Structures are given as C-alpha cells and as structure tokens.
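All remarks here apply to the structure that follows.
The values are calculated or read from the model by the stated rules, or taken from the named source; none is laboratory data. Everything quoted here is computed from the prediction, not taken from an experiment. Reconstructed Cβ throughout: ideal geometry from the backbone, glycine too, with neighbour counts over all protein chains shown. The accessibility values were calculated without ligands, DNA or RNA, using every heavy atom of the protein model including side chains. Shrake-Rupley method; radii C 1.70, N 1.55, O 1.52, S 1.80 Å.
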Amino acid sequence: MQWQIKTYEILDSTNQEAKRLIQNTQMDEVLHGTVVTAGQQTSGKGRLGRAWISPAGTGLWMTAIIKAQLSLEQTSLYSFAAAVSVAEAIRQTTGLMAQLKWPNDVLIDGKKVSGILLELVPCTATEYYIAIGIGINVNQEKKDFPSELQEKAVSLAMLSNKREELTALLSVVLQKLQENCILLEQYGFTPLRDKWKNLNCMIGREVTVQKQGETLYSGVAEDLAMDGTLLVRTVDGLTAVLAGDVSLRSKNGEYSF
Ligand code: BTN
C-alpha cells in the first residue's frame, strides 16, 4: 500500500475530515491508505471528550484511514499498533526514549508527547474504516502549552533542544504504522503486544484508575491482556481495565500521567 497524503493548512480536526471523507466516499473510491494532515486544528479532539490543543506549525496533527481487516471486537488493537509506531518513529528520528502508557499515550521522561484517538466509521453493512488520529507535540515551547498542561506535556524540541523536521517524522510514523498494522493483521496481537510491553513504562508500577476525575481503585499494573485491557492487581484481586484514565505513582508518591 502507498500512503496518499492530503495536506491542509487548517482544519477543525483531521479525524473529523477523515470521517467526512469516509461518509462522502463513492463506492469505487479507495480511501484505504489516505492520510489527512493539518498545519493547525481549530477543534482538535482528544480521548474521553477532551480537546487537543493543536497550534499552527508546531506539531504533527494527522489521521490515517485504513480499511479494518480485524473483527469488530479486535479493532481497538489498532491503537496499540499506532502507539508502538509513534514511539518507534520518535526513537528512530530523535534518539529520545519514548515510552508507552496504557492504552496509547506516548511519554518521554514521564511527560506526554503524543496521543492517539481511534475512531471507527462503517462504510457498508459489514465493512468499516478506522480513522487513526495521531497528535505529536514537536516544536512547541513550554509557554505554548496551557498552564494546566505545562508540567504534564512536552514537545520533542523541548527535549532535543532543536527544531525537529515534521515531514521526516511523518514519513517514519507512516512507515512504522504500515509495518505494525501488517504485523497485527497477519500474526495476531502476540508480537505487537510484545513490542508494546518492551516500550511500556507501566507494568510493575503502582497505578490508580480514574473515571471522570474520580479515583476508582489503585493497584499494581500487572500485564497487558490479549484483548488490550490492562490487568491491575488490587487488594480484591486482578481487575481488567477497559477504558478510562490510569495514572502512574511517581517517586514522591503523587500520581501523574
Ligand atoms: C489523546 O487524548 O491523547 C488523543 C489525542 C489525539 C489528537 C490527534 S491530533 C490529530 C487527530 N485529530 C484530532 O482531532 N485528534 C487526533
């Protein structure tokens, strides 16, 4: 497959544009492999209904459209392919030690550098596309983040002390994404899960699980299950976390990203 890149200076959201493309597509039009990128997003969307701040020219704001080859129940596993790809691309292009936090945040030195928003869009009664939205903070300075995010978010340039090339990063992310989607589709979750586990910074650490800002329980992150849920060992036994926010306990005892 050859990725077809559609570049926009400004969009509401690359995921929204991808969904519009899918909804307006003609039967014979091939959208599999289309990538939407924007220099700026005016309504960037994050997970759990949050906004994703996407100022002009400072980050990689992109959505890759692929025709799902997995069953509906397994679709969320594509988000692990995306997270692994972003971490691998960051490591390869910058040398920075990107790590993964469940389900698909990419952190460096414990701060969030990238997030992934996967959306599913039916195209026929039985087939559907996946819009894989990826946001990577690339050239922001600390002051470019809203004050409440300044201690939690980071850009690649803030860590490497130089401006990073967006197009070079995009091309490596897409190359890795293609490789990791093929790995998942051809060999199942096991090899991709192994890669995720090698890149993760959660397993073996104390975490809290929250929903809408409220702490539900704490425990030790024990494993990534074959269905993509996070297994957390609590006083009541092993619990599978399906969705929501998981915070890591830091050395000073506080829970952060
Ligand atoms: C998260 O909350 O961590 C997910 C953030 C996903 C942001 C990206 S930026 C490109 C794409 N378009 C959007 O509106 N969101 C995703």
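A few comments on the model shown:
- Base-10 log of normalised Debye intensity for the chain (one unit scatterer per alpha-carbon) at q = 0.07, 0.11, 0.15 Å⁻¹: -0.23, -0.58, -1.10
- For the chain, the per residue solvent-accessible surface stands at 48 Å², with DNA, RNA and ligands left out and a 1.4 Å probe.
- The chain, relative contact order in percent, only Cα pairs under 8 angstrom and at least six apart counted: 16 percent
- To put it simply, the accessible area of the chain at a 1.4 Å probe is 49 percent carbon and sulfur.
- Linear extension gain, D227 paired with Q26, 0.36 nm per residue minus alpha-carbon span: 69.0 nm
- Using equal-weight Cα scatterers in the Debye expression, the normalised intensity of region 1-152 in log10 at q = 0.19 Å⁻¹ is -1.23.
- Neighbourhood charge, 15 Å Cβ-Cβ cut-off, centred on A83 and excluding it, Lys, Arg +1 and Asp, Glu -1: +4
- Exposed-site-free run, longest, the chain (rule: GluC sites (Glu not before Pro); DSSP loop; at most 14 other C-beta within 10 Å): 30-126
- At full extension, N161 and K143 could sit 5.0 nm farther apart than now, given 0.36 nm per residue minus the alpha carbon distance.
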